[in-house]
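Asker: Can you keep this structure in mind? I'll have questions shortly.
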Amino acid sequence: MFERTKLILVACIAAFAALSPLIGGMNPYYFNILISVGISLILAVGLNLVNGYTGQFSLGHAGFMAVGAYLAAAMSLGILFPYLDPPQWAPTAEELAADPQATVAKWTYPFKALWLLFGWLINALFWCHNHIIPLGAALPGWGKFLFALFYGGAIAALAGLTVGVPSLRLKGDYLAIVTLGFNEIIRVVLQSADPVGASRGLPGIPLATNFFWTFTFAALAIYVVWNIVHSTYGRGFLAVRDDEIAAEAMGINTTKYKVLAFVIAAFFAGIAGGLYAHFFQYINPEGFNFMKSVDIVVMVILGGMGSMWGVCAAAVLLTILPEVLRKVAKIEALPEWAREIAENRMIIYSLILIILMLARPQGLFAGWVKKKTRPA
Amino acid sequence: MRILPILKHALCSLPLFLTATAAFAQNEIIVGEFASLTGGSASFGQSSHKGTQLAIDELNAAGGVLGRKFKLITEDDQSLAGQPATIVRKLITQDKAIAILGEVASSKSLEAAPICQQNNIPMISPASTNPKVTEVGNYVFRICFIDPFQGTVMSKFALGKGYKKVALLTDVKQDYSVGLSEFFVKHFTANGGAIVKDQKFSTGDKDFKAQLTSIKTTKPDAIFVPGYYGEVALIAKQARQLGIKVPLLGGDGWVGDSLLKVAGNSLDGCFFSSHFSAEDKTPAVQDFVKKYQAKYGQAPDDMGALGYDSAMILADAIKRAGGTDGAKLRDAIAATKDYKAITGVITIDEKRNASKSAVIMAIENAGFKFLETVAP
């Protein structure tokens, strides 16, 4: 099994390489949709590891995507972060010269004490960032882009770890709220982070994402998640999902598995973010809000939690469906009323979601695919 | 693994789904518009779209330009990131739009601008005020004034009113506010005015008594408060409670439903700058208001007027260019000079921003009232 999946992966990447000159010449609009499909695939497959296979409910996937997108963009644009100033405990010489009675308000001390806790840590992270940037800038051609992608992915994984360790003690709804909170924190921090454009967004990111890299990473994401879940080790994820208490009783370190799932999912979300940033060439904190997270969760739920191919199909379907409806609304051969209905494509889109959920609550392909493949 | 062919099938049939190109007469001038017709900023998008549609209908009723009629193709970006890029690619490559009109939100315009630039298709944004939008390239224009301009306009107005001493109350969280203050100060002090106090607040603050008390001691002639309506309403209320009777001055951020609801009568006698007023007695404006009212049954707002102007300026440029060739059209738009639009006399400057007049609105008896037009 292991050898076969590896073979398929290599074959896929080779096929993408062969196809990419062909696809490079296609209509930019279709190309745009195709890249969006690839990015959705990576996001949905990653989230499926957390929400599907491990049975945790994360609502903050767009937050990790934002981390990846911003750091990959910062790498490509060579943006350095200015260090935070240490807090001011006493008036400066200048202030004293202007007003000998000048003092620093006592009530600010507790807030400044926070700096002692986190300020140095943030500055240490900034120091690392500022020293990694020149390394990436020195790389030639694609190396720089790949370095930026992996850098974004790695920091997103780190973010996944920091969120995961304290919050994965929570279960179900509570975890959903915490991850949602994380998503909002990331968005708000980015909105006021001046080096990366704050709420104005970050324009001028070089165009580097192409068909080959997007789908190679999508194939990699599928390959990695598939192999993890189908390995002996991966049974741990499924055990956590099926019955956490029983799994713990059997000696499975449930926290470790949950954190690991989070880190892997966050890494791929970061990669997807980097691909997104280098394709759309402009990122804005608003683009990674709660609704974006919900979109990804919908792909996972519609596809069937823990069904790899169902989730992939849902990611493809949900990305192209709005565009197909957009087209239908413009077909002049259709009668007026039909076009009128298609005009309200977001309602149709939502209706399709409701109908699919009613008809196949277990997911698009759950059932008939499982029987033919190994049980997952 | 047997699902892989299905996935491939889904990907391959993507172009098939979407190849339904609308047939259109060769002779028509195709104009693409992207707007937020649904989602978070839908109220802006709907208004600007209504204005644009009105202009196109009017142009066609008059026989079009150069003997050719216009065809406006509007696509909804759902106020979502990633969508503007997709639909502008569609408008340019599928619908063969010769120019793009849109968006109100700067974050959406910034995403579409690089695509228009790469395809040598002129883009006119009706109302994106972020200076970065037109910096993307020489095919990107705007017909609204940018934020700093309003600062200068209000300074001129204040000097004209005979105010010599003005205090500032700036929202440091908003670029918009900081920009307005900066240009207000520059113009005001260069022309003999004095800034007697420079106070700051942050978006979301509720209590402004400390800043207002410190402003009161300096006895200014007026206070410049370039914030958004939420805070401005509270500032006005608290200022009156503290016995500050001087007028407050501000920019178009004041316009919001809740401004007068919260502030009540405390803003009476204050002034702010804006794009357009339906109360402007100029025949052209009244004519536009009447047509808009007849078509949509409501009075036009700023965005409606700007949407209308964007289409009219494009039509004017096509007439002068004698065709729809991208480069020639670009030059023609760049050469727009003293064009008498609804929102003022517009000249496109060398940075592709509009140099135009602003309107000053007064507040009387808890209602807006058009006061005068201020030339740049």
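Asker: At q = 0.06, 0.07, 0.11 Å⁻¹, what log₁₀ I(q)/I(0) does a Debye calculation on the Cα points of the protein assembly as shown give, no solvent, two decimals?
Answerer: -0.42, -0.57, -1.27
Asker: Follow-up question, since we're still on this one. For a 19 Å ceiling on Cα separation, which of these pairs sit above it: A:LYS327/B:LYS96; B:LYS165/B:LYS216; B:LYS96/B:LYS295?
Answerer: B:LYS96/B:LYS295
Asker: Follow-up question, since we're still on this one. Label-point separation (nm) for A:LEU161 and B:LEU159, each offset 7 Å from Cα along Cα-to-Cβ?
Answerer: That separation, rounded to one decimal, is 5.9 nm.
Asker: In debye, nearest 20, what is the charge dipole magnitude of chain B about its Cα centre with +1 on Lys and Arg Cβ and -1 on Asp and Glu Cβ, if you could check?
Answerer: 340
Asker: B:GLN118 to B:ASP57: extension gain in nm, 0.36 nm per residue of separation minus the Cα-Cα distance?
Answerer: Length gained, B:GLN118 through B:ASP57: 19.0 nm.
Asker: Counting only other chains, and only Cβ atoms inside 10 Å, what mean value do you get across the residues of A:198-207?
Answerer: 5
Asker: Taking amide H positions as placed in the peptide plane 1.01 Å from N, state which residues far from B:VAL104 in sequence (5 or more) or on other chains have amide H under 5 Å from it.
Answerer: The answer is B:SER36.
Asker: I'd like the FRET efficiency for A:ALA249 and A:ASP173, computed as 1/(1 + (r/R0)^6) with the beta carbon distance as r and R0 of 22 Å, rounded to 0.05.
Answerer: 0.40
Asker: Taking beta carbons within 10 Å but only from partner chains, what does the mean come to for residues B:110-122?
Answerer: 3
Asker: Roughly how big is chain A's charge dipole about its Cα centre, with Cβ charges of +1 (Lys, Arg) and -1 (Asp, Glu), in debye to the nearest 20?
Answerer: Dipole about the Cα centre, nearest 20: 1220 debye.
Asker: A further question follows. Between A:ILE352 and A:VAL104, what length comes free when the chain is fully extended (0.36 nm per residue of separation minus the Cα-Cα distance, one decimal in nm)?
Answerer: Full extension from A:ILE352 to A:VAL104 adds 83.2 nm.
Asker: Right, something else. R0 = 45 Å: FRET efficiency of A:LYS256 with A:LEU22, Cβ-based, nearest 0.05?
Answerer: Computed FRET efficiency for A:LYS256 and A:LEU22 comes out at 0.50.
Asker: Can I ask one more? Quick check on chain A: helices-only [θ] at 222 nm, where DSSP H runs of length 4 and up contribute -39,500 (n - 2.57) each and the sum goes over total residues. Nearest 500, please.
Answerer: Dividing the helical sum by the residues of chain A leaves -22500 deg cm²/dmol.
Asker: Please compute the Kirkwood hydrodynamic radius of the stretch B:148-274 from all pairs of different C-alpha atoms, in Å with one decimal.
Answerer: Computed over the stretch B:148-274, the radius equals 14.0 Å.
Asker: At a 10 angstrom cut-off on C-beta neighbours, averaged per residue, how do the peptides A:181-192, A:162-173, A:220-231, A:121-132 rank from highest to lowest?
Answerer: Highest-to-lowest ranking by the protection proxy: A:220-231, A:181-192, A:162-173, A:121-132.
Asker: When we measure straight from the Cα of A:LYS330, which aspartates and glutamates land under 18 angstrom away, once same-chain ones fewer than 8 places off are left out?
Answerer: Cα-Cα hits under 18 Å: A:GLU340, A:GLU343, B:GLU28, B:GLU33, B:GLU75, B:ASP76, B:ASP77, B:ASP95.
Asker: Separate question: Suppose each label sits 7 Å from its Cα in the direction of the beta carbon; what would the B:LYS295-A:ALA359 distance come out to in nanometres?
Answerer: Label at B:LYS295, label at A:ALA359, 4.1 nm between them.
Asker: Follow-up question, since we're still on this one. Which GluC sites (Glu not before Pro) in the stretch A:313-346 sit in a loop by DSSP (not H, G, I, E or B) and have at most 13 other Cβ atoms within 10 Å of their own Cβ?
Answerer: A:GLU332
Asker: Which one of A:SER199, A:ILE245, A:ALA277 is farthest out on the positive end of the charge dipole of the stretch A:194-289, using unit charges on Cβ (Lys, Arg +1; Asp, Glu -1) and the Cα centre as origin?
Answerer: My answer, from the dipole projection, is A:ALA277.
Asker: Hey, any idea what the orientation-averaged projected area of the convex hull of the stretch A:71-112's Cα atoms comes to, in nm²?
Answerer: 4.8
Asker: In sequence order, what are the phi-derived ³J(HN,Hα) couplings for the stretch B:125-142 according to the Karplus relation 6.51 cos²θ - 1.76 cosθ + 1.60 with θ = phi - 60°, rounded to whole Hz, with x for glycine and proline?
Answerer: 8, x, 8, 7, 9, 5, x, 5, 4, 7, 6, 4, x, 7, 9, 10, 10, 9
Asker: Across peptide B:84-96, what mean number of C-beta atoms from other chains lies inside 10 Å of a residue's C-beta?
Answerer: The shielding value for this peptide is 5.
Asker: Using only the alpha carbon atoms of the stretch A:2-372, find the Kirkwood hydrodynamic radius as the inverse mean reciprocal pair distance, in angstroms to one decimal.
Answerer: For the stretch A:2-372, inverting the mean 1/r across all distinct Cα pairs yields 22.5 Å.
Asker: Right, next: Rank B:VAL255, B:SER310, B:GLY192 by how far each Cα sits towards the positive end of the charge dipole of chain B (+1 on Lys, Arg Cβ; -1 on Asp, Glu Cβ) and give me just the farthest.
Answerer: My answer, from the dipole projection, is B:GLY192.
Asker: Roughly what would the spin-label model give for A:THR92 and A:TRP127, points 7 Å off Cα along C-beta, in nm?
Answerer: 2.3
Asker: Whole percent per 10 Å bin, from 0 to the bin with the longest distance: what is P(r) over all C-alpha pairs of chain B?
Answerer: Histogram of Cα-Cα distances, whole percents per bin: 5, 23, 30, 21, 13, 6, 2, 0, 0.
Asker: Rounded to the nearest 0.05, what FRET efficiency do B:THR347 and A:ILE331 give with R0 = 60 Å and r taken as the Cβ-Cβ distance? Could you check?
Answerer: E between B:THR347 and A:ILE331, to the nearest 0.05, is 0.90.
Asker: Right, here's the next one. If you stretched the chain out fully between A:TRP142 and A:VAL10, how much longer would it get, using 0.36 nm times the residue separation minus the C-alpha to C-alpha distance?
Answerer: That pair, A:TRP142 and A:VAL10, stretches by 45.6 nm at full extension.
Values in this text are rule-based calculations from the coordinates and carry no lab data. Everything quoted here is computed from the prediction, not taken from an experiment. Heads up, the Cβs are rebuilt from the backbone with ideal geometry, glycines too, and the neighbour counts pull from every protein chain shown.
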